[in-house]
1. Need the failing condition index for residue 27 against (1) open to solvent by 50 Å² or more (accessible area, probe 1.4 Å); (2) in a helix (DSSP H, G or I); (3) over 25 Å from residue 117 (Cα atoms), just the number.
2. If only one of 17, 33, 21 is open to solvent by less than 10 Å² (accessible area, probe 1.4 Å), assigned to a helix (DSSP H, G or I) and out of contact with any strand residue (DSSP E or B) (no Cβ under 9 Å at 6 or more places or on another chain), which one is it?
3. (1) of a type in the set (Asp, Glu); (2) modelled with pLDDT of 95 or more; (3) more than 20 Å from the chain's Cα centre (by Cα); (4) closer than 26 Å to residue 97 by Cα: which one isn't true of residue 14, the others all being true?
4. Out of curiosity, is residue 104 touching a residue at least 40 places away in the same chain (Cβ under 8 Å), open to solvent by less than 10 Å² (accessible area, probe 1.4 Å) and hydrophobic (A, V, I, L, M, F, W, C)?
5. Inspect the stretch 5-13 for any residue being over 23 Å from residue 111 (Cβ atoms), surrounded by 16 or more Cβ atoms within 10 Å (Cβ to Cβ), among the aromatic types (Phe, Trp, Tyr) and touching a residue at least 24 places away in the same chain (Cβ under 8 Å) and give the result as yes or no.
6. Only one of 170, 123, 111, 130 is open to solvent by less than 10 Å² (accessible area, probe 1.4 Å) and closer than 18 Å to residue 193 by Cα. Can you tell me which?
7. Here are the criteria: (1) among the small types (Gly, Ala, Ser); (2) touching a helix residue (DSSP H, G or I) at 6+ places or on another chain (Cβ under 6 Å); (3) loosely packed, with under 14 Cβ neighbours inside 10 Å. Tell me which single one residue 50 does not satisfy.
8. For the stretch 74-193, give me every one of the helices (runs of 4 or more DSSP H) that falls completely inside it and has 2 or more residues that are over 30 Å from residue 55 (Cβ atoms) and of a type in the set (Asp, Glu).
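The values are calculated or read from the model by the stated rules, or taken from the named source; none is laboratory data. The structure presented is a predicted model; accordingly, all values stated were derived computationally and were not measured. Cβ sites come from the backbone with ideal geometry, for glycine too, and all protein chains shown count toward neighbours. These accessible areas exclude ligands, DNA and RNA; they are computed on the full protein's heavy atoms, side chains included. Shrake-Rupley method; radii C 1.70, N 1.55, O 1.52, S 1.80 Å.
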Amino acid sequence: LRLNNPEKTQQIFDELVPQLVNVVADQSGCHVVRTLVEFLNEAQVTAFVGSLTRDLVLNLATTSQHTRRILQVLFERHRCPALQAVVDVVSENCVALATTQQGCIAVMRVLENAVDQQKMQLLTALSPRLAALAMDPYGNYVVQSIAQHFNKEQGSEVIEKAFAGHWVALSRNKFASNVMEKVLHAATPATRKAI
């Protein structure tokens, strides 16, 4: 794969993708799939995403750091609309994912690397639960990622609405207090004044 020969990559792709469920569950196989994802062309990315079921996306996001990295590399290397099906699954399950060790990292990588429309879809799904997520041992990292990786106006507006009436409680919570520091640092002057 690392020789980046398109013919060989296609042969490996053709053999691995039909067996994806078994290969990604394997301790060594998931590393091969991650490497394969690095070298996919646009058509292969579309076919790869088409082979991912809802359950497989959720398993990739939560099973281990190695399986989660498959999704991470997919978004880091192939930021494109073809990843929409994965974004749909992550958005539909964003709160459950954000409150697990590997799932929160998967959500963060989608927020950081998806195309703008996909980021907004995920942000919209997360918005009603941001205050609760800020107090979660893992979810707080997702909220910090929103504060850091969205433009100041968007991030500030969403967080200000979600945190309204909860500022004091969030500031006193072990996990949310870290979020509050990031929010204050990244906020617009208007949001700082509101806080």
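1. Residue 27 satisfies all of (1) open to solvent by 50 Å² or more (accessible area, probe 1.4 Å); (2) in a helix (DSSP H, G or I); (3) over 25 Å from residue 117 (Cα atoms) except (2).
2. Values: 17 fails: open to solvent by less than 10 Å² (accessible area, probe 1.4 Å); 21 fails: open to solvent by less than 10 Å² (accessible area, probe 1.4 Å).
Result of the check over 17, 33, 21: 33.
3. So residue 14 meets the others, but not (4).
4. Details: touching a residue at least 40 places away in the same chain (Cβ under 8 Å): no; open to solvent by less than 10 Å² (accessible area, probe 1.4 Å): yes; hydrophobic (A, V, I, L, M, F, W, C): yes.
So residue 104 fails the test.
5. Scanning the stretch 5-13 turns up at least one residue that is over 23 Å from residue 111 (Cβ atoms), surrounded by 16 or more Cβ atoms within 10 Å (Cβ to Cβ), among the aromatic types (Phe, Trp, Tyr) and touching a residue at least 24 places away in the same chain (Cβ under 8 Å).
6. Working: 123 fails: closer than 18 Å to residue 193 by Cα; 111 fails: closer than 18 Å to residue 193 by Cα; 130 fails: closer than 18 Å to residue 193 by Cα.
Exactly one residue qualifies, and that residue is 170.
7. Checking residue 50 against (1) among the small types (Gly, Ala, Ser); (2) touching a helix residue (DSSP H, G or I) at 6+ places or on another chain (Cβ under 6 Å); (3) loosely packed, with under 14 Cβ neighbours inside 10 Å, the one that fails is (2).
8. Values: elements: 84-92, 94-98, 101-113, 116-126, 130-134, 139-149, 152-163, 167-172, 176-186.
Where helices (runs of 4 or more DSSP H) fall fully within the stretch 74-193 and carry at least 2 residues being over 30 Å from residue 55 (Cβ atoms) and of a type in the set (Asp, Glu), they are 152-163.
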